[in-house]
Amino acid sequence: MTENNEEKTALILLGCPQVPVQTSMALYLLHSLKQQGIRPVIAGTTAARKLMEVADPGRYYVSEMTDLDDAIDAITGKERDFDLCFVFIHNDSGIAYAGTMAYISKARLYALLFGEHAEDLAGEIEFPCEVVAAKAVHNPMPLKRRLDEVMQQWAAVSKQ
């Protein structure tokens, strides 16, 4: 978490990259966070991290990456925490990861639900978080629009 004048940080959790929009939306989110002066950290499965490495070979957006379980262990062990946490969700295990983050982290939590069953999955969330859901599988624009709305609201509140 941010202490006094330290920069703000955001954790982006990426699960199995089965749905195509995850990688492009993660890169878009990294861009948006950096534009706001927030340092993003990617935590993901091996496949998700490899896709991010290939998509950003110059590490322009991806500055720090770690294993998903290692990030959770660090937060649980009170070694690290974040100001914001964005969990990409397209199945039940994504909801479980978001639920875990809701209980172990002090970060403001955003559940980014996408895929064919985004709305159904959103109904399963029973923990405190901001839900951003859109039926986006191949076309990232529905999720991008929803995320932009939430980010604009968050930016307006954080400037007050």
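The values are calculated or read from the model by the stated rules, or taken from the named source; none is laboratory data. Quantities reported herein were computed from a predicted structural model and do not represent experimental measurements. Cβ sites come from the backbone with ideal geometry, for glycine too, and all protein chains shown count toward neighbours. When the accessible area is computed, the model is the full protein with side chains, heavy atoms only, and any ligands, DNA or RNA have been set aside. Shrake-Rupley method; radii C 1.70, N 1.55, O 1.52, S 1.80 Å.
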(1) of a type in the set (D, E, K, R); (2) open to solvent by 70 Å² or more (accessible area, probe 1.4 Å); (3) more than 13 Å from Leu11 (Cα to Cα); (4) modelled with pLDDT of 95 or more all hold for Arg49 apart from (2)
Please work out which one of (1) out of contact with any Pro (no Cβ under 7 Å at 6 or more places or on another chain); (2) under 21 Å from Lys144 (Cα atoms) is the condition Leu33 fails and give its number.
(1)
Hey, can you tell me all the residues within segment 20-46 that are surrounded by fewer than 22 Cβ atoms within 10 Å (Cβ to Cβ) and over 18 Å from Leu68 (Cα atoms)?
Pro20, Ser24, Tyr28, His31, Ser32, Leu33, Lys34, Gln35, Gln36, Gly37, Ile38
